[in-house]
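Here's the structure we're looking at; comments come further down.
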Amino acid sequence: MAQNLPTIALLATGGTIAGSGASASLGRYKSGELGVKELLKAIPSLNKIARIQGEQVSNIGSQDM
């Protein structure tokens, strides 16, 4: 079945979506803390809809793009 799934290339650049904080209840976080592999592991059901190939191309905030 996996061979029938589309392949998606995910290029990770860091930033807010890769941020992590000390607590879910606090509004403070540090951007770019999580790598692409960690982010993909957080959503294990993705492998049911596509073969995702993640690559960390940078780890910077959007203000530095």
Test: residue in the stretch 28-51 that is at pLDDT 80 or above, β-branched (Val, Ile, Thr) and surrounded by fewer than 12 Cβ atoms within 10 Å (Cβ to Cβ): yes
Subset of the stretch 17-35 (residues that are touching a helix residue (DSSP H, G or I) at 6+ places or on another chain (Cβ under 8 Å) and either aliphatic (A, V, I, L, M) or on the phi > 0 side of the Ramachandran plot (or both)): Ile17, Ala18, Gly32, Leu34
The stretch 1-15, subset out of contact with any helix residue (DSSP H, G or I) (no Cβ under 7 Å at 6 or more places or on another chain) and modelled with pLDDT under 80, residue surrounded by the most Cβ atoms within 10 Å (Cβ to Cβ): Ala2
Every residue from the stretch 52-65 that is surrounded by 12 or more Cβ atoms within 10 Å (Cβ to Cβ) and polar (S, T, N, Q): Gln53, Gln56, Ser58, Asn59
Scope the stretch 30-65; condition in contact (Cβ under 8 Å) with a residue 12 or more places away in the chain, not small (Gly, Ala, Ser) and not in a helix (DSSP H, G or I); matching residues: Glu33, Leu34, Ile49, Arg51, Ile52, Gln53, Glu55, Gln56, Val57, Asn59, Ile60, Met65
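The values are calculated or read from the model by the stated rules, or taken from the named source; none is laboratory data. Quick caveat: nothing in here was measured; it's all calculated off a predicted structure. Don't worry about glycine lacking a Cβ; one is built from the backbone with ideal geometry, like all the others, and counts go over all protein chains shown.
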